[in-house]
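The values are calculated or read from the model by the stated rules, or taken from the named source; none is laboratory data. Quick caveat, the model's predicted, so the values are computed rather than measured. Note that each Cβ is placed from the backbone with ideal geometry, even for glycine, and that neighbours are counted across all protein chains shown.
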Amino acid sequence: MNNPCLHYKYWVYKEILKMIKDNNEYKNIKEIIEKFLDLQFKKNIPSDPNKIACHYYYIFKDLIELNTKIEEKDLHDYFKYYDNLEKNVLAESNKETYRSYLSYINALYVKHKIGWECCDTSYGVDPLCRHYFKCEDEYNPSYLISLINGKSKEAHMQRKPKFPVVLIGDEVLPNKLTEDDVMRIQYGRCTYVYDPNNNEKIFGKRCDYVASPNFFCMKGNTEHYPKSNLNPLFRQ
């Protein structure tokens, strides 16, 4: 979750919402967001044409969407700094502060995990939630809340099995994991299959998958699949 572009976008979302609240501009939210978007596309242009600009986006341009992005930011920060929270949550001077914070986070956690279905027992984190959510049960804020309420750490040593680690395409394996420990989501290309006697009638779709050069290199097999012949549009 160490992503400078994501941090930048979350910072922008938070500042826009703060400005709207401070100036009581709720009636003009859409116009304000559109001005920021227009400014972004005019000014935030990389000097290197080979680099991709870090842009923030809006769909509905309303207060609900703004608040949702702040919820994502708050959950993102919770998961990122979880280890520090676990170490410091029992400090006597901060117990009530942590209790209030974790109560807020727990409400968001339940809302996004269950209400928005960010987690699935089969494939782990939903792709739409990957940038801000973790589904492993060890991150459940109710665990930290129970510590504040006096439950011992030993009672929580045996956690539920972790959700599978999901990787996209050629993403590098995390430390100490093998291919047997992860689930990879691969990309392919689908085309329509037409009736040979009627080119307007569609029978169905045909989907093809071509592995990336790295896949064959890892398998030690490049004889029949030289890198130069592989379609760069496909990833393992």
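Summary table below
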{"item": "Close pairs from segment 108-121: first more than 15 Å from Ser142 (Cβ to Cβ), partner surrounded by 15 or more Cβ atoms within 10 Å (Cβ to Cβ) and charged (D, E, K, R), Cβ under 6 Å, at least 6 apart", "result": "Cys118/Asp126"}
{"item": "Segment 110-131, residues that are loosely packed, with under 14 Cβ neighbours inside 10 Å and assigned to a strand (DSSP E or B)", "result": "Asp120"}
{"item": "Residues located in segment 15-63, provided they are polar (S, T, N, Q) and outside any helix (DSSP H, G or I)", "result": "Asn23, Asn24, Asn44, Ser47, Asn50"}
{"item": "Positions within segment 37-57 being buried (at least 16 other Cβ atoms within 10 Å of the Cβ) and either among the aliphatic types (A, V, I, L, M) or touching a residue at least 24 places away in the same chain (Cβ under 8 Å) (or both), in sequence order", "result": "Cys54, Tyr56"}
{"item": "Selection from segment 141-169 of residues that are surrounded by 14 or more Cβ atoms within 10 Å (Cβ to Cβ), within 17 Å of the chain's Cα centre (by Cα) and at pLDDT 75 or above", "result": "Val165, Val166, Leu167"}
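Residues checked against (1) farther than 19 Å from Leu6 by Cβ; (2) within 25 Å of the chain's Cα centre (by Cα); (3) at pLDDT 90 or above:
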position	(1), (2), (3)
Asn44	no, yes, no
Lys69	no, yes, yes
Glu72	no, yes, yes
Asn88	yes, no, no
Asn94	yes, no, no
